[in-house]
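Report on one structure; see the data block that follows.
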Amino acid sequence: MVVLAASVLSKSGKVLVSRQFVDMTRIRIEGLLAAFPKLVGTGKQHTYVETENVRYVYQPIEALYLLLVTNKQSNILEDLETLRLLSKLVPEYCYSLDEEGICKTAFELIFAFDEVICLGHKENVTVAQVKQYCEMESHEEKLHKLVLQSKINETKDVMKRKASEIDKSKIDKNKGDKGGFMSMGSGRIESSFSDMSISSSGSGFGSSSGLGLTADVDSFSTKSKGRQLSSATAPPKGLGMQLGKSQKTNQFLESLKAEGELIVEDAQPRAGQARVAAAAPTDPITLTAEEKLNVTLKRDGGISNFDVQGTLSLQILNQEDALIQVQTETGGNPGILFKTHPNMNKELFSNENILGLKDPNRPFPTGSAGDAAGVGLLKWRMQSADESMVPLTINCWPSVSGNETYVSIEYEASAMFDLRNVVISVPLPALREAPNVRQIDGEWRYDSRNSVLEWSILLIDNSNRSGSMEFVVPPADSSVFFPISVRFSATSTYSDLKVVNIIPLRGGGAPPPKFSQRTNLITENYQVV
């Protein structure tokens, strides 16, 4: 058996892929393949045609022909077995059995044909073995890549150390120009800025009710200019402790600021805690309804995944307000499935939309003002394949023109939600400089480290339900600009769950406690792939 060539042709006779396994001229193989469509008859059941010199063994695959050209002395049964194996391999490598799909995977098909046929003779292989051979997974290659990556990381570490040494030498030079070191009270600022501390020994700094002055300054050599370089903790005002030369210290810090250094003074931890506590909710009862959106859209249109997961949590500050029930109202969306906490009375919620514990005499757990998580009462989930449920769709149109790639991106927002803080992140090829943004509805920022272009819209409402952006980059494949990631938030949800009342269970006719409700819709994973 000798296979002269294996080819894939269209029904019209156009040669898409052809692999020759013996020496022959191009004119001869083109002549053999050009004669095949004329020899194939209609209405015949056999799948081979013989001429004076060669035999054509073929198999139709949708709108294509898979063809083996052999000599007449070959074994027809072995030829049919080879053809059957090749017919299984073609769909494995081609995503679509048409002219475009074959041409895009031409080299993969040629490599697979070479694994099946060697010098015109069939190899004893299976489809799985051919795929394994073509993948060419190599342990040595993986090891080489790991070693190469470790060398790159080591080089980056050396680069950072060198940059730190250069920064340190510059600061030492500036310090030497300003007079060496300065003393503050009994302490002094050491000449090496890597461990700058104000000592408090011997002059009552540490013996005054344990209030000591300590200014731990991070090493100047580890941070570049423009970033936070030092942190100083100062004693609270009004305690009667003063430094004799604090004015000189302020002058020194002002001189560093004048040179471009950023000096950030941290407040006492207690003051910071007070600010955090002020931002926490102050209402006796706070209920938070939050939905997380997981959406995967196809770049050509349609939904690959749409999943909404929501939770209702309860936060109670005072123990006397913990013996309650929560009256809710749902939006009536039939696609949403609610699930209560195991400790909740399911029948009460199913019949009256009231969330209460199974034991009515048991109070809800309480938490401090800083406990923002609260207690979970209710969960729900919604999945859909309806494209109209998607709050924001993204269309990306890259097109190459000459030595440039023009990328047009547009968004269309549904009228269901007003979206806030929208950020559309578009991956870009590695660029030496920022892309040329020709037109944009909103703001843009280029992240050079991750090679990502971020398109920001502060608010999408009825005034701007659609918008577009156009930018230009060097020539690149269209797949480089995907997947596109999207982040946003909204103050309304799919479930439209509302808390209408708080029912107190304590006797005495006390009025219901005050409560506040927060509603938030956020994206957890929102992509266009």
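One table, with the values for the structure above:
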| quantity | calculated |
| --- | --- |
| Criterion violated by V499 - all others in (1) assigned to a strand (DSSP E or B); (2) under 24 Å from the mean Cα position of the chain (by Cα) satisfied | (2) |
| Per-region count, the range 359-399, residues out of contact with any strand residue (DSSP E or B) (no Cβ under 7 Å at 6 or more places or on another chain) and more than 22 Å from L497 (Cα to Cα) | 8 |
| Residue in the range 364-385 that is modelled with pLDDT under 90, touching a Gly at 6+ places or on another chain (Cβ under 8 Å) and over 23 Å from Q309 (Cα atoms) present | yes |
| Single residue of the range 419-447 satisfying the filter (more than 21 Å from the chain's Cα centre (by Cα) and either part of a strand (DSSP E or B) or at pLDDT 95 or above (or both)) that is surrounded by the fewest Cβ atoms within 10 Å (Cβ to Cβ) | Q439 |
| Subset of the range 340-360 (residues that are touching a helix residue (DSSP H, G or I) at 6+ places or on another chain (Cβ under 9 Å) and in a strand (DSSP E or B)) | T340, I354, L355 |
| Residue under evaluation S408, criteria (1) open to solvent by 80 Å² or more (accessible area, probe 1.4 Å); (2) over 19 Å from E329 (Cβ atoms); (3) in a strand (DSSP E or B), criterion not met | (1) |
| Of all residues in the range 386-396 being within 20 Å of V473 (Cα to Cα) and not aliphatic (A, V, I, L, M), the one that is most open to solvent (accessible area, probe 1.4 Å) | N395 |
| Exclusive hit being outside the structural domain of P427 (by the TED database) and polar (S, T, N, Q), set S313, S350 | S350 |
| Test result for L459, under 30 Å from F364 (Cα atoms) and at pLDDT 90 or above | no |
| Conditions (1) open to solvent by less than 60 Å² (accessible area, probe 1.4 Å); (2) part of a helix (DSSP H, G or I); (3) at pLDDT below 85; number of the one not met by G180 | (2) |
| Whichever residue in the range 105-127 is open to solvent by 70 Å² or more (accessible area, probe 1.4 Å) and hydrophobic (A, V, I, L, M, F, W, C) and, among such residues, is nearest to the chain's Cα centre (by Cα) | F107 |
| Residues being farther than 14 Å from L287 by Cα, under 29 Å from the mean Cα position of the chain (by Cα) and surrounded by 14 or more Cβ atoms within 10 Å (Cβ to Cβ) - total across the range 502-524 | 3 |
| Total residues in the range 61-72, condition exposed (fewer than 14 other Cβ atoms within 10 Å of the Cβ) and farther than 15 Å from A5 by Cα | 2 |
| Selection status of I166, out of contact with any His (no Cβ under 8 Å at 6 or more places or on another chain), open to solvent by 80 Å² or more (accessible area, probe 1.4 Å) and either outside any helix (DSSP H, G or I) or more than 30 Å from E108 (Cβ to Cβ) (or both) | yes |
| Residues within the range 502-528 that are out of contact with any Phe, Trp or Tyr (no Cβ under 9 Å at 6 or more places or on another chain), at pLDDT 90 or above and more than 18 Å from S313 (Cβ to Cβ), tallied | 1 |
| Count of residues meeting criterion [touching a helix residue (DSSP H, G or I) at 6+ places or on another chain (Cβ under 6 Å) and either open to solvent by less than 60 Å² (accessible area, probe 1.4 Å) or at positive phi (or both)] in the range 87-100 | 3 |
| L77, sole failed condition from (1) within 18 Å of K14 (Cα to Cα); (2) free of Cβ contacts under 8 Å to residues at least 24 places away in the same chain; (3) exposed (fewer than 15 other Cβ atoms within 10 Å of the Cβ) | (1) |
| Pick from the range 318-347, criterion in contact with a Ser or Thr (Cβ under 9 Å, 6 or more places away or on another chain) and farther than 21 Å from Y494 by Cβ, ranking: modelled with the highest pLDDT | K346 |
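Here's the yes/no breakdown for (1) of a type in the set (S, T, Y); (2) outside any strand (DSSP E or B); (3) in contact with an Asp or Glu (Cβ under 7 Å, 6 or more places away or on another chain):
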{"site": "T286", "(1), (2), (3)": "yes, no, no"}
{"site": "A289", "(1), (2), (3)": "no, no, no"}
{"site": "N294", "(1), (2), (3)": "no, no, yes"}
{"site": "D300", "(1), (2), (3)": "no, yes, no"}
{"site": "S304", "(1), (2), (3)": "yes, no, no"}
{"site": "D307", "(1), (2), (3)": "no, no, no"}
{"site": "T311", "(1), (2), (3)": "yes, no, yes"}
{"site": "Q325", "(1), (2), (3)": "no, no, no"}
{"site": "T328", "(1), (2), (3)": "yes, no, no"}
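Conditions (1) surrounded by fewer than 16 Cβ atoms within 10 Å (Cβ to Cβ); (2) under 30 Å from E470 (Cβ atoms), marked per residue:
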| residue | (1), (2) |
| --- | --- |
| G332 | yes, no |
| I336 | no, no |
| S350 | yes, no |
| P398 | no, yes |
| S401 | yes, yes |
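The values are calculated or read from the model by the stated rules, or taken from the named source; none is laboratory data. Because the structure is a prediction, the values reported are computed rather than measured. Counting neighbours? That spans all protein chains shown, and the Cβs are built from the backbone with ideal geometry, glycine included. Just the protein is used for accessible areas: all its heavy atoms, side chains included, with ligands, DNA and RNA removed. Shrake-Rupley method; radii C 1.70, N 1.55, O 1.52, S 1.80 Å.
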